[in-house]
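Trainee: Pasting a structure below so you can have a look.
The values are calculated or read from the model by the stated rules, or taken from the named source; none is laboratory data. Since this is a predicted model, take the numbers as computed values, not measurements. Neighbour counts run over all protein chains shown; Cβ positions are idealised from the backbone, glycine included. Only protein heavy atoms, including side chains, enter the accessible area calculation; ligands, DNA and RNA are left aside. Shrake-Rupley method; radii C 1.70, N 1.55, O 1.52, S 1.80 Å.
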Amino acid sequence: SQGAIHIFNTLASTVTRGIRIDENGNVGIGTTTPNEQLEITKNFRLPATTAIVGIIKSGANTLLHTFGTDNTFVGVSAGNLTMDTASQRNTAVGTNALTSLTTSATSLTAVGYNALTLNTTGTDNTAVGDRALAANLIGVNNTALGSLALINNTNSSNTAVGFSVLKLNAGGGE
């Protein structure tokens, strides 16, 4: 095509097209007709996440990373890139979910905007919903299902299911 740049691979006597930049600036890897700014037809590999590599961003914000051991963070500013290596087996999906992890935070699940956002060292907590368990710092064994469920909780061993359930609870064992 006129105005396109092609980079070819040669293997023995076979010549194949490897990369194409079309006249619109779209880049195709493994395709001759890229439909997006970047289109890849096979696997895409990132290095292991550190504080500076292995991160997918949206603008200046972290969008997806796996920093630490067996952690998965998906969402704008979900998780962080400064927790210690003892923080492991954590999953966060949502904007600002699990952003404050520091030391030995394990087996945390946060799904929703600001879910478990202030949690630093707690373990075995599950928060599903907008701001569920948002203020929980170090509490353990909490389960909050629903928007604002246990939003102000700072202690351990609580279960709340439903909208705003136990949102004023700051103690434990409810």
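Trainee: Ordering 19, 138 by accessible area with a probe of 1.4 Å, largest first, what comes out?
Mentor: On the way: 19 60, 138 105 Å².
In descending accessible area the options line up as 138, 19.
Trainee: Over the residues of the stretch 73-128, compute the C-alpha Rg and express it relative to 2.2 N^0.38 Å.
Mentor: 0.91
Trainee: Among (i) 71, 31, 24; (ii) 52, 49, 35; (iii) 53, 31, 23, which one is Cα extents along the principal axes in Å computed from these coordinates?
Mentor: The calculated read-out lines up with (i).
Trainee: Pick out, from 154, 134, 100, the residue whose Cα sits farthest towards the positive end of the charge dipole of the chain, with +1 on the Cβ of Lys and Arg and -1 on the Cβ of Asp and Glu.
Mentor: The one lying farthest along the dipole's positive direction is 100.
Trainee: Right, another one. Once you have the Cα-Cα distance between residue 23 and residue 52, take 0.36 nm times their residue separation minus that, and quote the gain in nm to one decimal.
Mentor: Working: separation 29, 0.36 × 29 = 10.44 nm, distance 3.28 nm.
Value of the extension gain: 7.2 nm.
Trainee: Counting other C-beta atoms within 10 Å, and keeping those with at most 12, which DSSP coil trypsin sites (Lys or Arg not before Pro) do you find in the stretch 28-85?
Mentor: Details: sites: 42, 45, 57; in loops: 42, 45.
Passing sites in the stretch 28-85 are 42, 45.
Trainee: Ranked from the most accessible area to the least, with a 1.4 Å probe and all protein chains present, what is the order of 22, 70?
Mentor: 70, 22
Trainee: Share of antiparallel DSSP beta bridges in the chain, in percent to the nearest 5?
Mentor: DSSP beta bridges in the chain are roughly 40 percent antiparallel.
Trainee: Nothing charged except the Cβ atoms of Lys and Arg (+1) and of Asp and Glu (-1): what's the magnitude of the dipole of the chain about its Cα centre? Round to the nearest 20 debye. Let's see the in-between values first.
Mentor: Working: 8 positive and 9 negative charges, 31 e Å.
Roughly 160 debye, rounded to the nearest 20.
Trainee: Pick out, in residue order, every one of the chymotrypsin sites (Phe, Trp or Tyr not before Pro) in the stretch 22-73 that is DSSP loop and has at most 14 other C-beta atoms within 10 Å; say none if there are none.
Mentor: Those satisfying the criteria are 44.
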